[in-house]
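Written below as C-alpha cells is the structure these notes are about.
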Protein chains: 2
Amino acid sequence: MIETPYLLFLGDAPDMLAAKVAIGIRDWRPENAVGQISLEGCGADLGLTEMTLDEGLAAGARTLVIGVANRGGVISEKWKAVLISALEKGYDLASGLHNLLRDEGDLVAAAQTNGRTLHDVRVPTVAYPIATGVKRKGKRCLAVGTDCSVGKMYTAMAMDAEMQERGLKSTFRATGQTGILITGSGVPLDAVIADFMAGSVEYLTPDNDEDHWDMIEGQGSLFHVSYSGVTMALVHGGQPDALILCHEPTRDHMRGLPGYKLKSLSELQDVALTLARVANPDVVVAGISINTQHLSDEDALAYCAKVEAEMGLPTVDPYRHGAGRLVDALAAI
Amino acid sequence: MIETPYLLFLGDAPDMLAAKVAIGIRDWRPENAVGQISLEGCGADLGLTEMTLDEGLAAGARTLVIGVANRGGVISEKWKAVLISALEKGYDLASGLHNLLRDEGDLVAAAQTNGRTLHDVRVPTVAYPIATGVKRKGKRCLAVGTDCSVGKMYTAMAMDAEMQERGLKSTFRATGQTGILITGSGVPLDAVIADFMAGSVEYLTPDNDEDHWDMIEGQGSLFHVSYSGVTMALVHGGQPDALILCHEPTRDHMRGLPGYKLKSLSELQDVALTLARVANPDVVVAGISINTQHLSDEDALAYCAKVEAEMGLPTVDPYRHGAGRLVDALAAI
C-alpha cells in the first residue's frame, strides 16, 4: 500500500502525453492528489494547485508520486534534487518508471537515512501463491479486449465509479502500474513470475461480500501474441462472473504487431467465454465497451448501435456515454 | 548450455520415483550419461555403471547433474561433501531443485575458488525479448494437453527421437527443468517474467531450415486455471504448424484442482486451434497422444481406436505404440 494523499511530480515533462499517470490520478482519484509540483520548462499542467514540497506537506501529502515518464530512461540530476529533498522532508516516493528508484544509490541512501519508503510499482513485493481455482465469494467483472490498449482500465474505472455513485459495493483492482499508482495498491501482473500469475490475481480479488463486485483491470488480449498469457491468467485467476468486451474500431492491425489483423467482437466473445467457463461455468458477457476516440459523435453512436444490434448486448463508450448501461447489466446478473 | 556428458548424482534417493530427472536423461540422452554415483542408503538404481567422481572424470564427464529430488527441500551435509568435492575435481554442477545451488554459500565459494559453474536450471539466465509475432522459417510442433502431466514432454521427446531415427531434421526444445537437464539447454518457462513468456518461446525456437521441426515441450494446459497463462504463451510464442493433443483418460479431476473435471479432446481441439491460428493460420492438429499407463494393453488399444474413430486423427500412446504414426502425420503437412 502506498500512503495517500499524493503530491504529483510532473518534472520537466515535455507535454501532457508524458503525464499519463498524473492525469489518471487526477481524473479517477482526485481526493488522492493535494497538488502538483513542476520543474522549469515543464509542458504539462494538470490544473491542480502548484505547490512546493513544504506546501504539499502542509496540505497533508504523504507520498511524492512520479506522475510522468522520464526522458531517455534516465532519472536526471534535476529530478534527483527534488526527490532527495522530498525524502528528507518526510515524503515516501512512488514510481512506475522502467528504471527503478531502488537502483539509484543516492535515493536509496536518502530513503534509509530518513526512514522513508521507495515504491517501485513495476516490481512485485509479495510472494504470490500458485492459483487454487477454489471458488471465492463475491462477484468479479473483467474487461477483455480484442487488442491491447483499447480502454480496459478506463472501462473498469468508469464502472467502479458508477457503482460507487449508486451506493453499490465495488472495488477497482489494479493489475498495471498506472492503476496501482492511481489507487495505491494492486498487482503488477506483467512483472509476476509465470507460475504465479493466476495466483496473484486470486490474491488480488479475495473472498468478499456476496453483493460486492471487483472491477478487475484487464491486460493484453487473448489475441495479442506478445501478452496473451497474461490475459489468460486474468481470465482464470479472476474467475469472473461477468466479462465486458472492449474494442477500438479504427485500428488496421494489432498494437505493435504489423500484419496481425484484429479479430471481431464475436470471435472474442466465443473464445473468452469458453475459457472463462473453465473457472466459472456461470460467467456471462454483460456488455461491450467501444473506444470511440477516433470517431465523431455521430459515428460513435452509430457504431455502438450497430454493434448492439449485432451482438444483442448493451454497447457504449463509457468515456462518451457513461458506464451506466454496463452497470445496469451487472445489476441484472 | 550445460557441458556434457554428465555423471548422474543419485544421492540417498529413497526410491526410483525420486530419480525422475536421472531416468529422463538415461532414457532420452543415454549418450549424455557416463555413469551414476550414489550415497549409502540410496534406493534408486538406473542400471548405469556406478562410479566415483574420479572414475566419472576419467570417463569424460564434465558436469555432475543432481538427478534426484532432495528430501525436505534441504541440500544435506552428506550431499554437500560430494558436491564440493566434485567442484574441486573440476566438475560443473547442474540442478533443477527448488532450493538453489547459488543460495548455498559453501557451494558458491567452492565454485569460485575452482572456476566452475553452478547451473540452477529453474532460473532464467537470459534477458528474453518481448514477442514480436514475426513469422519464422522452419516448422514447429507443440504438444498441448487436456491437463498438466499427461505426457506432453514424453510425446515431444518420442517424436524427436523418431524423427532423428528417420534422418529427418528435428530438435527437442525444452521448456521445463527436467527437459533442460536432459538436453543441456532450454527455457525454464514457468520461472520467466509474465511479459517475456512468449518472447522466450520465440527465442527458443528461432528461424531454421524450412524442413526442420522444433518439437516444443508443452507446459500446463489451456484448461488448467493455475498454469494456463504459461500454455497460452507457448501457443502464441511457438507459432506451431502442428499441434498434438495429449490426454490421460483415467483422471476424475484436473491435477491439483479437485472439483475441476477434465475437458474433452474435442473441446481442447476447438480452443487450441482457435488460439493457435492467431499466430499461424495454417496450423493443424496432426495427431493425438494418449497416456495409457493405467490401462491394460487391450484397453489401451481399444481406447486409442475409439478416439481415432471419433476424432479422425492418428491416435497412439507413444510409449506403448511408438511415435511413428505421429511423425507420419507431420511428414504429410
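Derivation of every value follows stated rules applied to the coordinates shown; laboratory data play no part. Treat the numbers as computed from the prediction; the structure is a model and nothing was measured. For neighbour counting, all protein chains shown are included, and Cβ atoms are generated from backbone atoms with ideal geometry for every residue, glycine included.
Decide, for segment B:222-311, between rounded, prolate and oblate: order the square roots of the alpha carbon gyration tensor eigenvalues as a ≥ b ≥ c, take rounded if a/c falls under 1.5, and otherwise choose prolate if a/b is larger than b/c, else oblate. Can you show the working numbers first?
Details: a/c = 2.48, a/b = 1.34, b/c = 1.85.
Oblate shape, in that a/c is at least 1.5 and b/c is the bigger or equal ratio.
Name the residues whose placed amide hydrogens come within less than 5 Å of the amide hydrogen of B:Gly11, ignoring near sequence neighbours (fewer than 5 apart) on the same chain.
The list, which skips near neighbours in sequence, is B:Leu39.
Per-residue ellipticity at 222 nm for chain A, helices alone: DSSP H runs ≥ 4 residues times -39500 (n - 2.57), over residue total, nearest 500 deg cm²/dmol?
-10500 deg cm²/dmol
If amide H atoms are built 1.01 Å from N in the plane of the peptide, which residues on other chains or at least 5 residues away come under 5 Å of the amide H of B:Cys246?
It is B:Val144, B:Gly145, B:Thr146, B:Ser289, by chain and number.
Averaging sequence separations of C-alpha pairs under 8 Å and six or more residues apart, then dividing by the length of chain A, give the relative contact order as a whole percent.
Once normalised by length, the contact order is 15 percent.
With a ≥ b ≥ c the root eigenvalues of the C-alpha gyration tensor of chain B, is it rounded (a/c under 1.5), prolate (a/b larger than b/c) or oblate?
Judged from the Cα gyration tensor, chain B comes out prolate (a/c at least 1.5, a/b above b/c).
When the expected Rg is taken as 2.2 N^0.38 Å, what fraction or multiple of it is the alpha-carbon Rg of segment A:83-194?
Working it through for segment A:83-194, the quotient is 1.31.
Which whole number gives the average, over all residues in B:265-277, of C-beta atoms from other chains lying within 10 Å of the residue C-beta?
2
Which length gain, in nm to one decimal place, applies between B:Leu17 and B:Lys261 when the Cα-Cα distance is subtracted from 0.36 nm times their residue separation?
85.2 nm
On the first, second and third principal axes, largest extent first, how far apart are the outermost C-alpha atoms of segment B:61-146 in Å?
Here the spans come out as 49, 33, 25 Å, largest first.
Applying the Karplus parametrisation 6.51 cos²θ - 1.76 cosθ + 1.60 with θ = phi - 60° to the phi angles of segment B:184-191, what ³J(HN,Hα) value in whole Hz is obtained for each residue in order, glycine and proline being reported as x?
With the stated coefficients, segment B:184-191 comes to x, 7, x, 10, x, 4, 6, 9 Hz.
So, in nm, how far is label B:Arg277 from label B:Glu310 when the simple model puts each one 7 Å beyond its Cα toward the Cβ?
Those two pseudo-labels are separated by 2.3 nm.
To the nearest 20 debye, what is the magnitude of the charge dipole of segment A:206-286 about its Cα centre, counting +1 on the Cβ of each Lys and Arg and -1 on the Cβ of each Asp and Glu?
Roughly 700 debye, rounded to the nearest 20.
Going down the table (B:Lys89/B:Lys152; A:Lys20/A:Lys80; A:Lys135/B:Lys20; A:Lys135/A:Lys169; A:Lys152/A:Lys306; A:Lys261/B:Lys306), which pairs top 27 Å between alpha carbons? Write down the numbers at each step before the final one.
Numbers: B:Lys89/B:Lys152 37 Å; A:Lys20/A:Lys80 21 Å; A:Lys135/B:Lys20 33 Å; A:Lys135/A:Lys169 19 Å; A:Lys152/A:Lys306 21 Å; A:Lys261/B:Lys306 39 Å.
Over 27 Å apart, Cα to Cα: B:Lys89/B:Lys152; A:Lys135/B:Lys20; A:Lys261/B:Lys306.
A:Ala33's amide H: which non-local residues (gap 5+, or another chain) put their own amide H closer than 5 Å, with H modeled 1.01 Å from N in plane and none for Pro or chain starts?
Under 5 Å from the amide H of A:Ala33: A:Tyr6.
Charges at C-beta only: +1 for Lys and Arg, -1 for Asp and Glu. How large is the resulting dipole of the protein assembly as shown about its Cα centre, in Debye rounded to 20?
Using only the charged Cβ atoms, the result is roughly 80 debye.
Mind listing the label-point distances from B:Glu298 to the same position on all other copies, shortest first, one decimal in nm, points 7 Å along Cα→Cβ?
Result for B:Glu298, in nm, nearest copy first: 7.8.
Residue-wise, which Karplus ³J(HN,Hα) couplings in Hz belong to segment B:319-329, taking 6.51 cos²θ - 1.76 cosθ + 1.60, θ = phi - 60°, and x for glycine or proline?
So the Karplus estimates, Gly and Pro as x, are 6, 8, 10, x, 9, x, 5, 5, 5, 3, 5 Hz.
Have a look at A:Tyr154, A:Tyr227, A:Tyr260 and tell me which one the Gaussian network model of chain A (Cα, springs below 10 Å) gives the largest fluctuation.
Of the options given, A:Tyr260 has the highest mean-square fluctuation.
Please give, to one decimal in nm, the separation of the simple spin-label points placed at A:Lys80 and B:Glu298, each 7 Å out from Cα toward the Cβ.
Rounded to a tenth, the inter-label distance reads 8.0 nm.
Which of rounded, prolate or oblate describes the protein assembly as shown when judged by the alpha-carbon gyration tensor and an a/c cut-off of 1.5?
Values: a/c = 2.20, a/b = 1.36, b/c = 1.61.
Verdict is oblate for the protein assembly as shown.
If the elastic network links every pair of Cα atoms under 10 Å, which of A:Glu248, A:Glu202, A:Glu308 fluctuates the most in the Gaussian network model of chain A?
In this elastic network of chain A, the residue with the biggest mean-square fluctuation among A:Glu248, A:Glu202, A:Glu308 is A:Glu308.
Pick from A:Asp103, A:Asp147, A:Asp92 the residue whose mean-square fluctuation is largest in a GNM of chain A, springs joining Cα atoms under 10 Å.
Its mean-square fluctuation being the largest, the pick is A:Asp103.
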